[in-house]
Each structure stands twice: as structure tokens, then as C-alpha cells.
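These notes are about the structure you will find just below.
The values are calculated or read from the model by the stated rules, or taken from the named source; none is laboratory data. These numbers come from a predicted model, not from an experiment. Positions of Cβ are backbone-derived with ideal geometry, glycine not excepted, and every protein chain shown enters the neighbour counts. For the accessible areas, the whole protein counts, side chains as well, though only heavy atoms, and no ligand, DNA or RNA atoms are used. Shrake-Rupley method; radii C 1.70, N 1.55, O 1.52, S 1.80 Å.
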Amino acid sequence: MFGSSKRRVFQPTAYGNSRRSRRIPRWLVLMLSGIVLGAGGLLFLQKSYGPARLTIEQSEQLHYDLNSSNMDKQRLQSQFNQQAHDLKQKTTTVQDQSAQLKKALDQVSKLTAEVQLFADAMPPDPRGTSPGIRAASFRSDDGQLHYQILVMQDKGKTKPFAGEVELVVAGRYANRKSGSIDLPPFPVELEQYSHMGGALPLPEGFTPRQVTIKITEQGSKKLSATRTIRVAP
């Protein structure tokens, strides 16, 4: 009755619960392996076939060159802007000058037409020569003979005239003796008309009375026109 009893030992059955050890899923292993292999391959390709990495000195030099390029760009842009401004100002100046020139040409054309009217209205040379001395005036002042002479050709003559004007002055000296003097000749050129004005010195004490105008063609001593005009008192 009080015999020894045996303790039962627990033995799991086929339908009982059991604890199994956990393992890393196969798909996770494959994914991690792919990531490692891909990263390694990328590093290999970059190192073998990609562009070489810059050193610190090369990087600093690149930054320096970039800054220099930017400064050059700004300088060139500034020069371009200045030149564009100067060009605009010069264009405006040229346009203003062109407008002024056109206005001046219009005035010259108007004055030319008016002068032509006066020229056509001038009486002919009494001798009827062409070129002829259409008008002239003389006055004595401060020992000089002041003159104004208008010489004209007929409209039908298209050949320009070139010659020389000589003034022969008749008058009286301080000792009341009469005489004449030849003043230095001066050139004359014209197509239809030419106006000459100026002053020539007279001998001391000489009072002019009248002046004979003599015009000769260049290279010839033959008179082309002559006229005698009294000196204004």
C-alpha cells in the first residue's frame, strides 16, 4: 500500500503544441544579397568607367576658374552695355545731324533760288561781254580801296571761266598831281556768277577818283571784260 509510486513523465503527443526555432526568410536573404551586389557593381563601374574624382587641389582650381569666368562674363557684359549705350547716343546724334543737314540743304536750295532771281534781274554789262561786269562799287577808307564786284556769264555758257582781275586806279596825289596806279591782280573763277569783295592798300596821300576793272582769261592777255566805275566819296 505504501509502496513507492513512479512520477509520470510528460511526453508530447503528435497533436500537442511544440516550439520551433525561427529562421530568416529566404526572400529577405535574396533581397539583401541583391542590394549588396548592386551597390558593389555600381561602385566598380564608377571606379572603372566613370569620370575620375577630383582632388582637393583640382576642386579648388575648378572653383577659381569658375569665379574667373563669372568675373570675365560680368566685365564683358558691362562693356557690351556701355558700347550699346554709346551706339545709341551716336545714333541719336547722327539722326539729329541728318535732320539739321536736311534743314540746311533746304535753306541753301531756297537761298540759291532767291540768288538766281536776283542774278537774272541784274542789268547786263554795257559792253555786252560774257563774262561781264554786272555791278561794282568802290570806296576809299584808311588808305585802302574797298571793292565789291559782281561778274556773270550768260546762262547758255556751261564752260567755267577762270581768269584774273586787275584794278587800275586813277586819282590825285597829295601834291595835287593826277596819276594812276595798278593794284596787285587777284584770281576769279565762276560758272554763272562770282562775287568778289575785299580791300587793297593805296599809296600814302593818294585819293582815288575812279577804277577801271580789267578781266583777262587765264593764260591770255586779251581782255574778256572791262568797266570803269567812280569811287564813292
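In the set (1) surrounded by 13 or more Cβ atoms within 10 Å (Cβ to Cβ); (2) without any contact (Cβ under 8 Å) to a residue 24 or more places away in the chain; (3) within 57 Å of the chain's Cα centre (by Cα), the condition left unmet by LEU150 is number (2). As a summary of the residue check, ASP120 satisfies the conditions (1) open to solvent by 90 Å² or more (accessible area, probe 1.4 Å); (2) of a type outside the set (Lys, Arg); (3) closer than 20 Å to LEU150 by Cα except for the one numbered (1). For LYS110, the requirement of being closer than 30 Å to VAL151 by Cβ and in a helix (DSSP H, G or I) is met. For the stretch 153-180, residues that are within 47 Å of the chain's Cα centre (by Cα) and within 14 Å of PRO203 (Cα to Cα) total 0.
Within the stretch 203-224, restricting attention to residues that are aliphatic (A, V, I, L, M) and modelled with pLDDT of 95 or more, the residue that is farthest from TYR173 (Cα to Cα) is ILE215.
For PRO187, the conditions (1) under 28 Å from VAL231 (Cα atoms); (2) open to solvent by less than 100 Å² (accessible area, probe 1.4 Å) are fulfilled apart from (2).
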